[in-house]
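The values are calculated or read from the model by the stated rules, or taken from the named source; none is laboratory data. Quantities reported herein were computed from a predicted structural model and do not represent experimental measurements. So basically every Cβ, Gly included, is an ideal-geometry build from the backbone, and we count neighbours across all protein chains shown. Note: areas computed on protein heavy atoms with side chains; ligands, DNA, RNA excluded. Shrake-Rupley method; radii C 1.70, N 1.55, O 1.52, S 1.80 Å.
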Amino acid sequence: MANITVIGFGEAGTIFASELVKNHHVTVWDTKFIGDAGEAMRNKARICGVHAAGSLAEALENAEWIFSLVTAGNSLNLVLECQPLLREGQSFLDCNSVAPGTKRQAAECCLGRANYVDVAVMAPVPPKRAATPLLIGGETALQTVQFLQQSGLNASFGSNQVGDVSAIKMCRSVMIKGLEALTTECLIAARHYGVEDEVLASLHASFPSLGWDGDFPHYMISRVAEHGVRRAEEMREVMKMIEDAGLPASMCIGTIATQQRLPERMTQRGVVWETLQTFDWKQTADDLFLRR
């Protein structure tokens, strides 16, 4: 059994910690442990069967494998905080959705200390959990893949170079996060004009495999409602990646605005995602945008 530390005890961090503890000793750390939500977060750790550290230093002290699962905006800052605490023999798995250039900056912070591993999480962690595909990059990618597979995770080799697997993930995000944003903008407008059924029927006729006549619209818009703020943050990293290549990031700009707008509107109207029993995109459109 290895000593594993998971930093970031949100949705993805909680799932990975819960899966890894089946085979390893797992410690978790999150800055929320010392905030107002601290007791609830520590209780969640107890339920998961993992140890809640009292500080970042404690979390890293005996760790052999360190999983970073924070927000895109905090990704590089976390590496800088960890830098003086890292030591030779540790592996730092950066699982955050950031630009290849950001991953390379993070890797430089680990030079002479821990092995830096670029991890691209290639699908939403729920509902696949341990089966979520992970693409691994960096000098120790092959060894990391072997360890993760033995630990029950769905890891595969991507590249020996830091940044390559993140480029794959981030280019994919242009399409995936963009499609979520397009669906949200398209259907809320269609609802306003009372033509949503006709629009969905037309989309289903053109792309029947997606399920426009079923749960697909609810799922796509629900992802924006639940994760839009975090997705907007990720898309800023995507925009950085595209601009680093000297290319225009026009689609990213629109996607960021739409991903951000829906959860902001929910906050304005006092709608809390965690309290929703079910999600219905039509009801959401009516409540947030169409009722005067």
Q.
So, in segment 85-122, how many residues would count as being charged (D, E, K, R) and either assigned to a strand (DSSP E or B) or closer than 20 Å to Trp29 by Cβ (or both)?
A. 4
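Residues are listed down the side, and each one gets a yes or a no for (1) outside any helix (DSSP H, G or I); (2) at pLDDT 95 or above; (3) crowded, with 19+ Cβ neighbours inside 10 Å; (4) at positive phi:
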position: Ile256; (1), (2), (3), (4): no, yes, yes, no
position: Gln259; (1), (2), (3), (4): no, yes, yes, no
position: Met266; (1), (2), (3), (4): no, no, yes, no
position: Asp287; (1), (2), (3), (4): no, no, no, no
Q) If you go through segment 129-149 one residue at a time, how many are assigned to a helix (DSSP H, G or I), of a type outside the set (Ser, Thr, Tyr), in contact (Cβ under 8 Å) with a residue 12 or more places away in the chain and within 19 Å of Val21 (Cα to Cα)? A) 6
Q) Could you say which residue among Val165, Val125, Val117 is β-branched (Val, Ile, Thr), within 19 Å of Glu233 (Cβ to Cβ), open to solvent by less than 50 Å² (accessible area, probe 1.4 Å) and touching a residue at least 24 places away in the same chain (Cβ under 8 Å)? A) Val125
Q.
I'd like to verify a number: residues in segment 202-222 that are within 23 Å of Pro127 (Cβ to Cβ) and either open to solvent by less than 20 Å² (accessible area, probe 1.4 Å) or small (Gly, Ala, Ser) (or both), how many?
A. 8
Q. For segment 242-253, what are the residues that are part of a helix (DSSP H, G or I) and open to solvent by less than 40 Å² (accessible area, probe 1.4 Å)?
A. Ile242, Cys252
Q. Can you find a residue in segment 38-48 that is closer than 22 Å to Ala123 by Cα and either buried (at least 16 other Cβ atoms within 10 Å of the Cβ) or in contact with a strand residue (DSSP E or B) (Cβ under 7 Å, 6 or more places away or on another chain) (or both)?
A. no
Q) Out of all the residues in segment 192-199, is one or more closer than 29 Å to Lys169 by Cα, in a helix (DSSP H, G or I), open to solvent by less than 70 Å² (accessible area, probe 1.4 Å) and in contact (Cβ under 8 Å) with a residue 40 or more places away in the chain? A) no
Q) Inside segment 162-220, can you point out the residues that are touching a strand residue (DSSP E or B) at 6+ places or on another chain (Cβ under 8 Å) and small (Gly, Ala, Ser)? A) Gly163, Ser166
Q: Of the conditions (1) within 26 Å of Gly194 (Cα to Cα); (2) among the acidic types (Asp, Glu); (3) touching a residue at least 40 places away in the same chain (Cβ under 8 Å), Asp287 clears all except one; give me its number.
A: (3)
**Q.** Checking Cys82 against (1) touching a Ser or Thr at 6+ places or on another chain (Cβ under 6 Å); (2) assigned to a helix (DSSP H, G or I), the condition it does not meet
**A.** (1)
Q) Any idea which of Gly138, Gly112, Gly158 is surrounded by fewer than 21 Cβ atoms within 10 Å (Cβ to Cβ) and either modelled with pLDDT of 95 or more or over 22 Å from Gly10 (Cα atoms) (or both)? A) Gly112
Q | Single residue of segment 1-33 satisfying the filter (assigned to a helix (DSSP H, G or I) and within 20 Å of Val79 (Cβ to Cβ)) that is most open to solvent (accessible area, probe 1.4 Å) | A | Lys32
Q. Does segment 154-165 contain any residue that is part of a helix (DSSP H, G or I) and hydroxyl-bearing (Ser, Thr, Tyr)?
A. no
**Q.** Residues located in segment 203-240, provided they are farther than 13 Å from Trp273 by Cβ, in contact with a Leu (Cβ under 9 Å, 6 or more places away or on another chain) and either part of a helix (DSSP H, G or I) or of a type in the set (Gly, Ala, Ser) (or both)
**A.** Leu203, His204, Leu210, Phe216, Pro217, Met220
